[in-house]
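The values are calculated or read from the model by the stated rules, or taken from the named source; none is laboratory data. Quick caveat, the model's predicted, so the values are computed rather than measured. Neighbour counts run over all protein chains shown; Cβ positions are idealised from the backbone, glycine included. With ligands, DNA and RNA removed, areas are computed over all heavy atoms of the protein, side chains included. Shrake-Rupley method; radii C 1.70, N 1.55, O 1.52, S 1.80 Å.
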Amino acid sequence: AQKVTQAQTEISVVEKEDVTLDCVYETRDTTYYLFWYKQPPSGELVFLIRRNSFDEQNEISGRYSWNFQKSTSSFNFTITASQVVDSAVYFCALRGTGANNLFFGTGTRLTVIP
Amino acid sequence: DTGVSQNPRHKITKRGQNVTFRCDPISEHNRLYWYRQTLGQGPEFLTYFQNEAQLEKSRLLSDRFSAERPKGSFSTLEIQRTEQGDSAMYLCASGTPRDQYFGPGTRLLVL
């Protein structure tokens with residue numbers, strides 16, 4: 001069975017603060033993919049990153065960084081120097097071996113206050 | 001190509017009516033997915049096509065729901081005899097074996 005837990009329902013930060021969004025997953029597959037998507041108020045899910053289970057290297061893209069730790073089954077997402085435009089709901093998702101669909105967490109609503 | 005498009009963006013209907021949504025995927029993608037998202041939840045998988053073949057259906061896809069992709073390009077999702085519990089955002093995605101790219105969704109409200 002696949003499961004994704006995003007324990008933080010809502011987070012508010014002041015602009016320019018750093019913020020980390022947590023994601024914990026469960027799977028019996030040895031090979032799997034992890035994703036983060038951003039959903040702004042417009043509703044469209046925007047793809048941010050894909051990580052496969054064999055690649056535990058942390059990744060940085062501009063102000064975004066991701067920390068993948070298999071030992072704790074976590075794939076956390078950090079936004080550095082947050083901006084108002086980062087306000088959105090962020091979803092973590094998992095796809096197992098041979099699966100076609102994504103399993104999503106319940107999302108974390110981030111509000112960046114100017 | 002500007003991405004996945006969905007029409008209509010919003011639909012209000014009365015209980016018992018039929019509704020149909022359309023999804024136009026990114027042209028080079030042969031995989032197409034439908035998801036449903038209710039308020040405060042993440043998207044839940046409904047069904048998946050590879051080209052024109054519907055290869056997987058979730059148990060969420062009751063017999064009132066039907067999806068087609070007749071020519072392997074655009075897809076339609078029809079809900080017959082709508083119920084208030086069908087109110088949700090219906091999201092379409094297209095992709096490769098690795099990645100899925102989502103459209104803006106169709107928000108359905110059943111009165």
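Is it true that some residue in segment B:10-23 is under 19 Å from residue B:103 (Cα atoms), at pLDDT below 95, open to solvent by 60 Å² or more (accessible area, probe 1.4 Å) and of a type outside the set (Ser, Thr, Tyr)? Within segment B:10-23 (the criterion being under 19 Å from residue B:103 (Cα atoms), at pLDDT below 95, open to solvent by 60 Å² or more (accessible area, probe 1.4 Å) and of a type outside the set (Ser, Thr, Tyr)), the answer is no, since none of the residues qualifies. May I ask you to list the residues in segment A:71-99 that are open to solvent by 30 Å² or more (accessible area, probe 1.4 Å), within 13 Å of chain B (Cβ to nearest Cβ) and not hydroxyl-bearing (Ser, Thr, Tyr)? A:98 - this is the single residue of segment A:71-99 that is open to solvent by 30 Å² or more (accessible area, probe 1.4 Å), within 13 Å of chain B (Cβ to nearest Cβ) and not hydroxyl-bearing (Ser, Thr, Tyr).
Within segment B:84-107, can one find any residue that is touching a Gly at 6+ places or on another chain (Cβ under 6 Å), open to solvent by 80 Å² or more (accessible area, probe 1.4 Å), of a type outside the set (Val, Ile, Thr) and over 23 Å from residue A:36 (Cα atoms)? No, every residue in segment B:84-107 fails to be touching a Gly at 6+ places or on another chain (Cβ under 6 Å), open to solvent by 80 Å² or more (accessible area, probe 1.4 Å), of a type outside the set (Val, Ile, Thr) and over 23 Å from residue A:36 (Cα atoms).
Of the candidates A:111, A:106, the single residue that is under 21 Å from residue B:37 (Cα atoms), assigned to a loop (DSSP other than H, G, I, E, B) and touching a strand residue (DSSP E or B) at 6+ places or on another chain (Cβ under 9 Å) is A:106. Condition first: under 14 Å from the mean Cα position of the chain (by Cα) and over 11 Å from residue A:20 (Cβ atoms). Now tell me which residues in segment A:69-85 satisfy that. Once the filter is applied, which keeps residues that are under 14 Å from the mean Cα position of the chain (by Cα) and over 11 Å from residue A:20 (Cβ atoms), segment A:69-85 yields A:69, A:73, A:75. Within segment A:29-52, being assigned to a loop (DSSP other than H, G, I, E, B) and within 13 Å of chain B (Cβ to nearest Cβ) holds for A:31, A:40, A:41, A:42, A:43, A:44, A:45. Summed over segment A:53-85, residues that are of a type in the set (Ser, Thr, Tyr) and in a loop (DSSP other than H, G, I, E, B) total 4.
All but one of (1) more than 9 Å from chain A (Cβ to nearest Cβ); (2) without any contact (Cβ under 8 Å) to a residue 40 or more places away in the chain hold for residue B:56, so report the exception by its number. Every listed condition holds for residue B:56 apart from (1). Determine whether segment B:59-82 contains at least one residue that is among the β-branched types (Val, Ile, Thr), loosely packed, with under 15 Cβ neighbours inside 10 Å and either more than 14 Å from the chain's Cα centre (by Cα) or within 14 Å of another protein chain (Cβ to nearest Cβ) (or both). There is no residue in segment B:59-82 that is among the β-branched types (Val, Ile, Thr), loosely packed, with under 15 Cβ neighbours inside 10 Å and either more than 14 Å from the chain's Cα centre (by Cα) or within 14 Å of another protein chain (Cβ to nearest Cβ) (or both).
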